[in-house]
Amino acid sequence: MNSRVILLLGFIALLTGCVSPKQVVYFQGVDSVSDSVLVAPTFVPIIRPADVLSVQVNSLNPEKSMIFNPYMVANGGNAATTAGATASLPAPVGYVVSMSGEITIPLLGPVKVAGQTVDQAGRTIAEKLTRFLKEPTVDVRNLNFRISVLGEVARPALFTIPNNQVTIIEALGLAGDVTIVGRRDNVLVVRETNGAKKFARVDLTRRDLFRSPYYYLHPNDIVYVEPGKARLASADRASQITPIVLSALSFVAIILTQVF
């Protein structure tokens, strides 16, 4: 009886797929510290119409500063940002950039911010605030910097990035990493540029990933991890071998009944 059970288990093992280590190891080809220095292209997000901005004003006049922080007052002194990236929550509270590229701040009125980085926008607003405050500093954050991670990952979701910068590796980390059967060598990134969708393939197993223009993700990027051959094959085999397995289990049950 034992030999028949062993043969049955061996038969089932042959029907299941296996994944090669080369298919799951990241950054292959890094042999030593000396030859692994790669510089990633920098990416600094630019403010665009329809972005939602958090504007936090500080100065040597704290009480007067609060006049310019209405959203912080409404949220108990805390703007709608978080310390780390989270799965997307309801729409954040902040200043919506108009189609003309402006936000309207109390007392200041409309301020042109589109086309600037958040640091540049902060300096622009701070300069205008010198009429009202002593040595103002302004922290601007983009509250709707969001990326989607889908497919063969542990936790597919839409993520909000509070520090306005994220790499594809960090995004996959937020999603719990690629599953063992996900394709790391052919990750799809969908990016919208000037109203047009662009599609790019990224190989996470290569060390030159760090030179890719898709290493840093842009707002509203979609990252999709395809299932590998093992996943597709196992799904197909599951439908094929289920009747075989059930018959085999019935056979084992009959043998056990006869023995005991």
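What the table shows:
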quantity	calculated
Strands (runs of 3 or more DSSP E) (entirely within region 152-210) containing at least 1 residues that are touching a residue at least 40 places away in the same chain (Cβ under 8 Å) and acidic (Asp, Glu)	none
Members of region 120-151 that are surrounded by 15 or more Cβ atoms within 10 Å (Cβ to Cβ) and in a loop (DSSP other than H, G, I, E, B)	Phe132, Leu133, Pro136, Leu143, Asn144, Phe145
Residue among Thr104, Thr86 that is more than 30 Å from Ile222 (Cα to Cα), at pLDDT below 95 and among the hydroxyl-bearing types (Ser, Thr, Tyr)	Thr104
Residue that is modelled with the lowest pLDDT [pool: residues in region 148-168 that are farther than 15 Å from Phe43 by Cα and of a type in the set (Val, Ile, Thr)]	Thr160
Filter pass, Gly176 being outside the structural domain of Val96 (by TED's automatic domain parsing) and closer than 28 Å to Val111 by Cα	no
Flag if Glu170 is touching a Gly at 6+ places or on another chain (Cβ under 8 Å) and either at positive phi or outside the structural domain of Ser59 (by TED's automatic domain parsing) (or both)	no
Selection within region 185-201 - modelled with pLDDT of 95 or more and either among the aliphatic types (A, V, I, L, M) or over 22 Å from Pro219 (Cβ atoms) (or both)	Val187, Leu188, Val189, Val190, Ala200
Those residues of region 89-101 which are surrounded by 12 or more Cβ atoms within 10 Å (Cβ to Cβ) and modelled with pLDDT of 90 or more, in sequence order	Tyr95, Val96, Val97, Ser98, Gly101
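The values are calculated or read from the model by the stated rules, or taken from the named source; none is laboratory data. Quantities reported herein were computed from a predicted structural model and do not represent experimental measurements. When we count neighbours, we look across all protein chains shown, and the Cβ atoms used for this are built from the backbone with ideal geometry, even at glycine.
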